[in-house]
Amino acid sequence: MKKIIYLILSIVFLIQGCTMDSKKTIDNNLGFVISTSEKEGFDKQLFNETISKIEKGDYGSLTSLIVISNNKLVTERYFNGWQRDSVHSIQSISKSITSLLIGKAIELGEISSVDERIVDILPELRTKNMDLRKDSLSIEHYLTMSAGFEWSERYPPMDKRSSLHPVYHQKQDYIQYFFNQPLIHKPGKVFEYNSGLSMTLGAILQSRTSTELEEFAEKHLFNPLGIKYKWHNSVIWKNDTNGLAHCGGGLYLRPIDMAKIGSMVYNKGVWNGKQIISKKWIEESTSPRIDASKAKRYRNYAYQWWLYAPLFDLDTILYADGLAGQNIFIIKEFNTIIVTTGDITKNSTASIALMYDLLAANKKCKKQIMLFYDKVNSTNYILDQFKSEELVSVAQNLVFYGENEKAIDFLNKYSDSFDNNWYYEFYLGKAYFQNKEFEQALIHLNKSLESNSGNVWYLKPYYNNAKEMIAIANKALIQNGVDEREP
């Protein structure tokens with residue numbers, strides 16, 4: 001009898017234990033299973049060192065980091081005063097969200113296909129002396145930034161050289177303004193980053209669905225995912241006459257909700273067992289459509305999503321990109337999603353470098369990187385077969401792993417291929433610094449400063465890191481009786 005009672009009690013405690021574990025590992029408010037970086041295959045020490053570097057500011061003015069691995073939330077961290085429930089400007093990630101909404105409209109039959117012509121959806125855009133080639137412009141041309149308009153966003157919108165400048169300073173129908181720009185390329189042939197095309201996609205959605213864009217987005221995307229948001233419309237510019245939600249960069253989300261978007265896309269449109277966006281659209285909209293390398297090196301563009309060309313023989317990385325460190329990276333090869341947000345008032349982040357460091361902390365990725373290093377470093381390897389960016393990234397990861405001797409030998413071996421590249425000087429200097437060879441470190445760190453003044457926002461974190469190492473190296477040399485080395 002005692003044995004039976006003991007057995008029953010054991011089963012009860014086991015069931016209770018399982019229930020308690022379930023409550024600990026599933027956050028029903030977020031919809032994510034909770035885990036740890038170590039359980040999901042990351043090197044705990046390297047991962048935590050990366051978090052410490054964020055807190056120090058080594059990657060710039062980051063405000064959040066979220067890492068999903070194997071569909072489990074392993075890290076959710078906030079910095080510089082930000083909290084989970086703070087909605088954050090996601091800048092041009094708004095474009096990628098707009099692409100998802102276009103896909104939903106096609107799924108619902110509101111839009112027939114990406115081949116629909118712009119002038120058939122918005123016939124009011126036709127003008128008396130319109131270039132007849134604009135008749136062929138389609139939704140796909142707008143999704144791929146290949147409409148062929150004369151356009152430039154190489155300067156800030158408030159700069160007169162920017163094509164967006166008149167939108168901020170002239171009262172007008174800005175959708176018409178975008179369409180009135182001269183065509184200088186055959187549609188579908190040349191990539192030119194153009195926020196006006198994304199904003200026009202918002203007008204297309206509103207026209208075809210006969211619904212306010214925010215209402216359509218809330219019903220078909222945000223509510224099913226439990227997303228809190230704010231969407232600025234174009235009237236924030238004061239001069240606009242359209243009043244549409246700003247699909248080029250006006251969306252605000254919580255970082256954790258950005259992670260939900262990334263998770264849904266990673267899982268081919270499924271969130272918590274429910275198909276939110278069709279698998280077909282996810283596959284179509286995230287496949288490479290056009291070469292965008294002239295805008296960003298080693299990039300292709302999909303339907304308002306970026307594709308980063310493989311390094312280290314890795315698979316292509318899909319990501320949504322917003323100004324000043326707003327990113328959703330989807331790394332299918334390692335079942336990982338990385339979300340970052342940055343302080344747009346400081347406009348200084350190094351989220352790509354952070355993404356690589358986090359990947360490098362993954363044990364499977366580390367193994368592949370070291371295999372690639374062996375391949376590159378072999379005497380029979382042909383230098384022309386890979387890009388200088390791969391060389392820099394190999395060095396970056398060797399330094400990250402503390403393989404300073406290997407990094408020094410590797411960078412010195414390929415020094416002729418960098419052509420005064422400041423990244424080369426920075427990582428060589430950092431390798432010497434970590435190896436406590438301070439005199440050599442100062443030579444290369446000072447050279448890196450000569451070609452990086454810190455004025456370019458995405459280089460500023462490296463600039464600050466180099467200055468910090470120089471100060472420490474000089475202090476160490478003085479203590480050792482060596483004269484301070486001036487920058």
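The values are calculated or read from the model by the stated rules, or taken from the named source; none is laboratory data. Predicted, not measured: the structure shown is a model, and the values here were computed from it. When we count neighbours, we look across all protein chains shown, and the Cβ atoms used for this are built from the backbone with ideal geometry, even at glycine.
Some points to look at:
- Residue ID - surrounded by the most Cβ atoms within 10 Å (Cβ to Cβ), chosen from residues in segment 254-275 that are at positive phi and touching a residue at least 12 places away in the same chain (Cβ under 8 Å): G269
- Filtering L221, L244, L197 for residues that are touching a helix residue (DSSP H, G or I) at 6+ places or on another chain (Cβ under 7 Å), at pLDDT 95 or above, crowded, with 17+ Cβ neighbours inside 10 Å and more than 30 Å from E76 (Cα to Cα) leaves a single hit, L197.
- Residue match in segment 145-160 (condition: surrounded by 16 or more Cβ atoms within 10 Å (Cβ to Cβ) and of a type in the set (D, E, K, R)): yes
- Against the conditions (1) closer than 30 Å to N377 by Cβ; (2) at pLDDT 95 or above, I328 satisfies every one except (1).
- Residue match in segment 54-65 (condition: buried (at least 17 other Cβ atoms within 10 Å of the Cβ) and under 21 Å from L221 (Cα atoms)): no
- Yes/no for T336 being at pLDDT 90 or above, surrounded by 24 or more Cβ atoms within 10 Å (Cβ to Cβ) and not aromatic (F, W, Y): yes
- Neighbours by Cβ (under 7 Å, 6+ apart or cross-chain): first from segment 96-111, surrounded by fewer than 24 Cβ atoms within 10 Å (Cβ to Cβ); second charged (D, E, K, R): A105/R208; E110/R208; I111/R208
- Test: residue in segment 276-291 that is closer than 22 Å to P224 by Cα, of a type in the set (K, R), without any contact (Cβ under 8 Å) to a residue 24 or more places away in the chain and touching a Gly at 6+ places or on another chain (Cβ under 7 Å): yes
- Scanning segment 266-288 for residues that are more than 30 Å from L371 (Cα to Cα) and not in a loop (DSSP other than H, G, I, E, B) gives V270, W271, K274, Q275, K279, K280, W281, I282, E283, E284, S285.
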